[in-house]
1. Residue by residue through the stretch 121-156, note down the ones that are out of contact with any helix residue (DSSP H, G or I) (no Cβ under 8 Å at 6 or more places or on another chain), of a type in the set (A, V, I, L, M) and at pLDDT 80 or above.
2. Return the pairs, sorted by first residue and then second, in which the second residue is assigned to a strand (DSSP E or B) and among the basic types (Lys, Arg), the first residue lies in the stretch 12-32 and is closer than 16 Å to VAL78 by Cβ, the beta carbons are less than 6 Å apart, and the residues are 6+ apart or on different chains.
3. Has the stretch 95-102 got any residue that is touching a helix residue (DSSP H, G or I) at 6+ places or on another chain (Cβ under 7 Å), free of Cβ contacts under 8 Å to residues at least 40 places away in the same chain and surrounded by fewer than 17 Cβ atoms within 10 Å (Cβ to Cβ)?
4. Mind listing whichever residues of the stretch 164-177 are among the hydrophobic types (A, V, I, L, M, F, W, C) and open to solvent by 90 Å² or more (accessible area, probe 1.4 Å)?
5. Scan the stretch 45-55 residue by residue and report those that are surrounded by fewer than 16 Cβ atoms within 10 Å (Cβ to Cβ) and either in contact (Cβ under 8 Å) with a residue 24 or more places away in the chain or of a type in the set (Ser, Thr, Tyr) (or both).
6. If you scan the stretch 106-125, which residues turn out to be open to solvent by 50 Å² or more (accessible area, probe 1.4 Å) and part of a strand (DSSP E or B)?
7. Take the conditions open to solvent by 90 Å² or more (accessible area, probe 1.4 Å), free of Cβ contacts under 8 Å to residues at least 24 places away in the same chain and among the acidic types (Asp, Glu) and apply them to GLU180. Does it pass?
8. Right, ARG185: assigned to a helix (DSSP H, G or I), modelled with pLDDT of 90 or more and open to solvent by 60 Å² or more (accessible area, probe 1.4 Å) or not?
Amino acid sequence: PHVIKSLHLFLGPDFTTDIVIVETGDHARLSLKLSYNWHFDIDKKDNEHAEKIFSVPDFVGDACKAIASRVRGAVASVSFDHFHKHSAHLIRRAVFGADDNDKIRNRFVFTSNNLVFTNIDIQSVEPVDQRTRDALQKSVQLAIEITTKSQEAAARHEAERREQEARGRLERQKIMDEAEAEKARKSLLELQAQSATVEASGQATAEARAKAAAAAIEGEAAVKQAQLQADASRIRAQAELEQTRARQDADISHQKALNELEITKAQDLSEIDAAKFKDIVDAIGADTIASIAQAGPEMQAKLLQGLGLKGFLITDGNSPINLFNTAGGLVGGNVGGANLDVDLS
């Protein structure tokens, strides 16, 4: 104690090595060489907080003693064999502790001077007395021998297992090949049977197919013939209808032309008779017609005979009379379809 006296301290991170003598639950004394990683966790803005690092004169010795105490207590509660198998876990759990979830923490803090330990490395584990060292060496040799034998046995068992698996795969492949061969033989026999069946029934099948094809062709021909006959009947009916329609149209056109000719003829005759009558009246003169009108019936008859007329009708010019097709009834005969309008005024 009080060997190091410093006016300033390095804040770290740094490491420290310590040798700790421990004794297991079965009284095996061991020398542990441990290495610690540490640093000072301070607030540089707070001088009071920073000055705490000088509050412990020998912080390395105090920290090593505290950690060694925890390690000794943890090792004393287990056997040598258990410690030999789980030394790292036991020491880290003893120094850092565990949280509520039984998970090992990652730091150990000295609150007196804010010294923080972040890691522990076990560099060596050696027995203190010779008997323990010999027993440990013997145990290690025995463990190596056991491990070697177990590895040899595992290798032998693995080889035997692989050999058995290979034999099993071979047997299974052989069985599968035989099964496939049987399937192929079965398929061959089935194909041969089918071939024989087809060959035996080939002629009957061909004849049946030929008859069926012939019947199908005959049916198609009958259907086609019926369709053609229906088309022919439809075409004949359409032709007759067109012929009748054309004949009716021709008859109508002919009758219409005849009617137009009759009308034209009647109009022409009417115009001829009117012109003839006008020429006769112009030839006789108005005075002669007046004398005829004043003469007696016998004289009128003679005058009319001389003029070639059978009758006449004299009116004033205020009420003309159409004598077309009616003169016959008025004077007792047809005057050739002429219109006689005489105006004596």
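1. LEU142, ILE144, ILE146, ALA153, ALA154, ALA155
2. From residues that are closer than 16 Å to VAL78 by Cβ, the pairs are GLU23/ARG29.
3. First, pick out the residues of the stretch 95-102 that are touching a helix residue (DSSP H, G or I) at 6+ places or on another chain (Cβ under 7 Å): 95.
Now drop any that are not free of Cβ contacts under 8 Å to residues at least 40 places away in the same chain, which leaves 95.
Now restrict to residues that are surrounded by fewer than 17 Cβ atoms within 10 Å (Cβ to Cβ): none.
So far as the stretch 95-102 goes, no, none of its residues is touching a helix residue (DSSP H, G or I) at 6+ places or on another chain (Cβ under 7 Å), free of Cβ contacts under 8 Å to residues at least 40 places away in the same chain and surrounded by fewer than 17 Cβ atoms within 10 Å (Cβ to Cβ).
4. Those that are among the hydrophobic types (A, V, I, L, M, F, W, C) and open to solvent by 90 Å² or more (accessible area, probe 1.4 Å): LEU170, ILE175, MET176.
5. If we filter the stretch 45-55 for residues that are surrounded by fewer than 16 Cβ atoms within 10 Å (Cβ to Cβ), which is where we start, we get 45-51, 54-55.
Matches in the stretch 45-55: HIS49, PHE54, SER55.
6. VAL109, THR118, ASN119, ASP121, GLN123, VAL125
7. Yes; evaluated as a whole, the condition is true for this residue.
8. yes
The values are calculated or read from the model by the stated rules, or taken from the named source; none is laboratory data. Nothing here was measured: the structure is a model prediction, and the numbers come from that model. Using ideal geometry, Cβ is built from the backbone for each residue, glycine included, and neighbour counts are taken over all protein chains shown. In case anyone asks, the SASA skips ligands and DNA or RNA and just uses the protein heavy atoms, side chains included. Shrake-Rupley method; radii C 1.70, N 1.55, O 1.52, S 1.80 Å.
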